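Report on one structure; see the data block that follows.
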Amino acid sequence: MTRIVIIQGHPTSGGEHFCHALADAYAEGAFAGSHHVRFITVADLDFPLLRSKADWDKDPPPAVIVEAQRTLAWAEHLVIIYPLWLGGMPALLKGFLEQALRPTFLTGGREGASWKSVLKGRSSRIVITMSMPASRIAGTSERTASRASSAASCPWSASARTGRR
């Protein structure tokens, strides 16, 4: 049984968006396979944004972030689900990742340790949704954008791996 953490990165809480439905479906499938699942719902967390490198390096993370870090350390598989907003992840999710993935967490607090120490060996999925035609992604052809969106949203599908439909 795999320990799975689903990070719900949609900045609106309440479960009314496609990202919420995807997270629920992923969890339902994982439970059916006898896996353990925990959620981190970023929209429900209250944390400050980091405003300087000194904050990131030196300030202790808020309690809600420490709890999220414990959940991340528990995971064997991470799933991050979020909508594409202005060409990237929502600012709230980025702020959460900046808080949670501080150097002291990633190195296990060991001076000079590799940043990937704590999460080494974990698998992950990133699911990105968008409410625009793939051809609207700047600088891409419709075929390239379609392949990119398939790979991002369904990396386990044959079309994502081969580019064929």
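The values are calculated or read from the model by the stated rules, or taken from the named source; none is laboratory data. All of these numbers come straight from a predicted model, not from anything done at the bench. As a convention, Cβ positions derive from the backbone with ideal geometry for all residues, glycine included, and neighbour counts pool all protein chains shown.
Scan (1) surrounded by 11 or more Cβ atoms within 10 Å (Cβ to Cβ); (2) closer than 28 Å to LEU86 by Cβ for the single condition ALA54 breaks and write down its number.
(1)
Can GLU98 be described as surrounded by fewer than 19 Cβ atoms within 10 Å (Cβ to Cβ), of a type outside the set (S, T, N, Q), in the same structural domain as ILE7 (by TED's automatic domain parsing) and closer than 24 Å to HIS35 by Cα?
Details: surrounded by fewer than 19 Cβ atoms within 10 Å (Cβ to Cβ): yes; of a type outside the set (S, T, N, Q): yes; in the same structural domain as ILE7 (by TED's automatic domain parsing): yes; closer than 24 Å to HIS35 by Cα: no.
So GLU98 fails the test.
Of all residues in region 18-49, count the ones that are within 19 Å of LEU92 (Cβ to Cβ) and more than 16 Å from the chain's Cα centre (by Cα).
4
Taking GLU76 and the conditions (1) in contact with a strand residue (DSSP E or B) (Cβ under 8 Å, 6 or more places away or on another chain); (2) buried (at least 16 other Cβ atoms within 10 Å of the Cβ), which numbered condition does it fall short on, given that it satisfies the others?
(2)
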